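A quick write-up on the structure given underneath.
The values are calculated or read from the model by the stated rules, or taken from the named source; none is laboratory data. Here the structure is a predicted model, which is why all the values come from computation and not from measurement. Cβ placement follows ideal geometry from the backbone for every residue including glycine, while neighbour counts extend to all protein chains displayed.
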Amino acid sequence: MHKIRKALSSMSASLLAIAAGLLAGFIILLISNPANALRGLATILLGGWNNGMKGVGQVLYYATPLIMTGLSVGFAFKTGMFNIGAAGQLMVGGLAAVYVGVTWTFLPGAAHWIVALLAGMLAGMAWGMVVGLFKALLNVHEVITSIMLNYIGMYGINYLIKNSHLFDPLKNQTVNVAAGAVLPKAGLDQVFYILKGKYQDASAVNAGILIAVGLAIVIYILLNKTTFGFELKACGYNRHASRYAGISESRAIITSMAIAGGLAGIAGALMYLAPASGMHIHVAEVLAEQGFNGIAVALLGMSNPLGIIFTGLFIAHITVGGSYLQSLRYMKEIIEVIIGLIIYFSAFSLLVRDVIARAGKRRARKTRLLAAREGQDNLSIQKEVDG
Amino acid sequence: MSDYIIEMLGITKDFPGIRANDDISLRLRRGEIHALLGENGAGKSTLMSILFGLYQAEEGVIKKDGRPVTIRDPNEANALGIGMVHQHFKLVHNFTVLENIVLGVESSRHGVLRMDEARSRVMELSRRYGLLIDPDALIEQITVGMQQRVEILKMLYRENEILIFDEPTAVLTPQEIEELMRIMRGLASEGKSILFITHKLAEIMAVADRCTVLRKGRSIATVDVRDSSPEELAEMMVGRKISFTIDKQPARPGEAVLSVENLSVQGRGDKKAVDGVSFEVRAGEIVCIAGIDGNGQSELVYALTGLMPSQGRIALRGRQIDQLPIRRRNDQGMAHIPEDRHKYGLILDYDLQQNLSLKRYLSQEMQRRGFIRFDRVRSYAQGLIERFDIRSGQGPDTLMRSMSGGNQQKTIVAREIDIDPEVLIAVQPTRGLDVGAMIYIHEQLVRVRDEGKAILLISLELDEVFQLADRILVIYEGKLVAELDAARTTQQELGLYMAGSKKQEASHA
């Protein structure tokens, strides 16, 4: 019973954080264009529903990499590590997947995209493992290595793409992956579309969302039901006691960072194993934003893999909602600010929970004092209550 | 003015599943030393935490000088002149003594620290109360005893009149305890009022004026110490008559289980923390390593258990283990009750059953193909909870952090004894425990010995050493300086060896 209550109380903190973020967003809407502010807020809250089932599909589509990077960051959090390198792991994983997707055309049928996906995972794992190795063997803090590796990854990828057959110089991005390497739709395009005349305008959603949700469940089981997860979490809580109990701390750090990297690598693969109309890796000096948004997704989901599914969906929801805001003549930047605010507030969600708890106590004390006033020392207690 | 500087009247405090304080009243007179006696989990720390503003009581009134006050947090307590020395000190380890004392109440001019002023005040207080400190030493470099004096000076520097000591002697050597008693008497004679949480009867008899006894969250009585006896206090605390000595037959040692040859551990700088130590622990005996804190005991244990690298040979039942990782040593039959239960012994954010299975979760019984069998873990934990009488609010699901120190320690002892080890290394196994729990753990150790296990006990408390040890090895500056037969040695003689003023020339096993 108390487990359920605990889950509810941490959820209420997340919801409160979101509400506060939305309120702050509303104030910004009011400032920038008061006439449309209410409609603007409604648009954000509606998210994908602004555009029927296609919009909902888009939410699922955008949520896919966010859930994956959220899992990556959340998993590392559980084992006491801060993986700020999800962006780099995602890009490295993405490139590996694209490489296999473009080049290994000898692979038959579904094997092609599956192998490409695994390649993305392995590349991400390797990238994450470097961080773990540095931490475990040389005691270099993971934040430093993973930030460095973000940039090494980004520039390295740009270099590799530009100097290989993967480069499409006209669009300054990677070439299309082979048809067999494109993630299957898994029938989702038959659900998430809108009719334009007789034409079904389907959303970009694909099997990626199913893979992401499935992996979230796998990670949940891994963390909570296995001896392996027991050891990893033990290291996260108290590495001294874990060592004392015979757990190899170095191994835990290396494997946990490898898994976190692998999850982010899969995020990249799921993003870029897309048809010609979908996402490609741009040769630009920009780190993948999904990597950083993963931090917010993990925080807001309290690092719980199942919570992360919902917070990933939520952030995608308001992002898609925000894209429709432009029809109300809001600048694209405004929605970025609002999302930023919600993310910012999410970091305070634990603080918010504390405040609620304290407010509860204060009420209890006041009643106690009032009861005590029945006693002899009327005057001085009166002062306490007034003061 | 009221006779009483502090009155806590009808205090009630609930925690999930447990009523920690049930209508407790406590009156502290000006200038007295008032002991608060009770077993672990009796509610002593809770009551003091309420006075110090860390918890809020559900019911009851606190009065200062006869007037009701509310204390919402330690700052408000501080403003009322209430200071507290916690059992686990609250010091910044890489700050100096002086910096720690002034932290939070720094005197400054235009935002610039004025340490000179603070220094002269601290040194004046230090002289006045006989609290010897080195103001420029870093906290991490000074002894526990001096750290405690720093905590006391922190209270005096804030001009607190009511001083709460939470089990202050738990971490001290016999000499330091003497010193603390002297300091406390000095403070009281200067008009400070002292609340002294303890479960050591000798200390109460030595230093306290009055004593309030708590049991299971209720106050049993407040007595004048002069008119009472240790036996009477113990009976009130435990609720039944208890004997202070345990039944222990002479040891019948068998073959060597743990053999250590020429073991050395590198200390800070060039000095060796453990220097060429050789000894044996045989089956069916308790060997105690006695010594003043900081003479290499911790490092010796870390080397034996694999937490720290070492040179030399360690063998368990003839098999060399000094190069093995910790888990392999555990598997070979080494159990370890660690010195620092919060750092090494427990994962405070795991619950009771997870902590009880911390060394067993990999066994066939508790996992299948890597999946934890939660039902087995739970029933195993429930068994240990019953057998070792571990008290908690929510049984196996209780978060370790929320349990009392004594029950946390019982958790470790239960876990380590139940893995059925060849050798049990117990470091201060009863540190911070009440008489009841202490006797219980002592009995368990003797029982394990009589089952033919080897026990290596490291203790700073002479009473414990003489209560349990069959053989005593004295460690001084990283070397074993004496081997003594426990039955034929006096505390005085042992004290001389511990202080390094006497050495055995003859070589020893």
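Structure above, values below:
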| item | result |
| --- | --- |
| Test result for A:GLY180, in the same structural domain as A:MET81 (by TED's automatic domain parsing) and in a loop (DSSP other than H, G, I, E, B) | no |
| Top-ranked residue of segment B:79-93 - restricted to ones that are of a type outside the set (A, V, I, L, M) and modelled with pLDDT of 90 or more, ranked as surrounded by the fewest Cβ atoms within 10 Å (Cβ to Cβ) | B:GLY81 |
| Check on B:ALA437, within 26 Å of B:GLN249 (Cβ to Cβ) and part of a strand (DSSP E or B) | no |
| Qualifying residues in segment B:33-60 (those that are surrounded by fewer than 18 Cβ atoms within 10 Å (Cβ to Cβ) and over 24 Å from the mean Cα position of the chain (by Cα)) - the one farthest from B:SER219 (Cα to Cα) | B:GLU58 |
| Any chance B:ILE326 is among the hydrophobic types (A, V, I, L, M, F, W, C), within 30 Å of B:GLY38 (Cα to Cα) and outside the structural domain of B:GLN175 (by TED's automatic domain parsing) | no |
| Looking only at segment B:375-414, and only at residues there that are loosely packed, with under 15 Cβ neighbours inside 10 Å and within 14 Å of another protein chain (Cβ to nearest Cβ), the one that is farthest from B:LYS44 (Cα to Cα) | B:ASP375 |
| Among residues of segment A:78-98, those that are of a type outside the set (Gly, Ala, Ser) and surrounded by fewer than 22 Cβ atoms within 10 Å (Cβ to Cβ), counted | 1 |
| Subset of segment B:125-145 [aliphatic (A, V, I, L, M) and closer than 18 Å to B:GLU178 by Cα] | B:LEU131, B:LEU132, B:ILE133, B:VAL144 |
| Selected residue (only one of B:GLY191, B:GLY217 is of a type outside the set (Ser, Thr, Tyr) and within 30 Å of B:ALA437 (Cα to Cα)) | B:GLY217 |
| Wholly enclosed strands (runs of 3 or more DSSP E) of segment B:448-487 bearing at least 2 residues in contact (Cβ under 8 Å) with a residue 60 or more places away in the chain and more than 28 Å from B:ARG415 (Cα to Cα) | B:471-476, B:479-485 |
| Odd one out for B:GLU477, checked against (1) at positive phi; (2) of a type outside the set (A, V, I, L, M); (3) buried (at least 23 other Cβ atoms within 10 Å of the Cβ) | (3) |
| Test: residue in segment A:144-162 that is modelled with pLDDT of 90 or more and in contact with a His (Cβ under 8 Å, 6 or more places away or on another chain) | no |
| Residues of segment A:225-246 satisfying the condition of being surrounded by fewer than 21 Cβ atoms within 10 Å (Cβ to Cβ) and facing chain B (nearest Cβ under 9 Å) | A:LYS225, A:THR226, A:THR227, A:PHE228, A:TYR237, A:HIS240, A:GLY246 |
| Residue list for segment B:184-219, filter: surrounded by 19 or more Cβ atoms within 10 Å (Cβ to Cβ) and touching a Gly at 6+ places or on another chain (Cβ under 8 Å) | B:ALA188, B:LYS192, B:SER193, B:HIS199, B:VAL213, B:LEU214, B:GLY217 |
| Members of segment B:355-379 found to be touching a strand residue (DSSP E or B) at 6+ places or on another chain (Cβ under 7 Å) and either in the same structural domain as B:GLN428 (by TED's automatic domain parsing) or assigned to a loop (DSSP other than H, G, I, E, B) (or both), listed by number | B:TYR361, B:MET366, B:GLY370, B:ARG373 |
| Index of the failed condition, B:GLN354 passing every other in (1) crowded, with 22+ Cβ neighbours inside 10 Å; (2) closer than 29 Å to B:LEU460 by Cβ | (2) |
| Residues that are in contact with a helix residue (DSSP H, G or I) (Cβ under 9 Å, 6 or more places away or on another chain) and over 13 Å from A:GLN58 (Cα atoms), drawn from segment A:180-194 | A:GLY180, A:ALA181, A:VAL182, A:LEU183, A:PRO184, A:ALA186 |
| Filter result (crowded, with 22+ Cβ neighbours inside 10 Å and at pLDDT below 85) within segment B:433-463 | B:LEU433, B:ASP434, B:ALA437, B:MET438, B:LEU460 |
| Yes/no for B:GLY318 being within 22 Å of the chain's Cα centre (by Cα) and not hydrophobic (A, V, I, L, M, F, W, C) | no |
| Every residue from segment B:336-369 that is within 11 Å of chain A (Cβ to nearest Cβ) and among the aliphatic types (A, V, I, L, M) | B:ILE337, B:LEU346, B:ILE347, B:LEU348, B:LEU358, B:LEU362, B:MET366 |
| Single residue of segment B:267-288 satisfying the filter (out of contact with any Gly (no Cβ under 9 Å at 6 or more places or on another chain) and touching a residue at least 40 places away in the same chain (Cβ under 8 Å)) that is farthest from the other protein chains (Cβ to nearest Cβ) | B:GLU280 |
| So B:ILE372, is it more than 10 Å from chain A (Cβ to nearest Cβ) and either surrounded by 16 or more Cβ atoms within 10 Å (Cβ to Cβ) or more than 30 Å from B:GLU261 (Cβ to Cβ) (or both) | no |
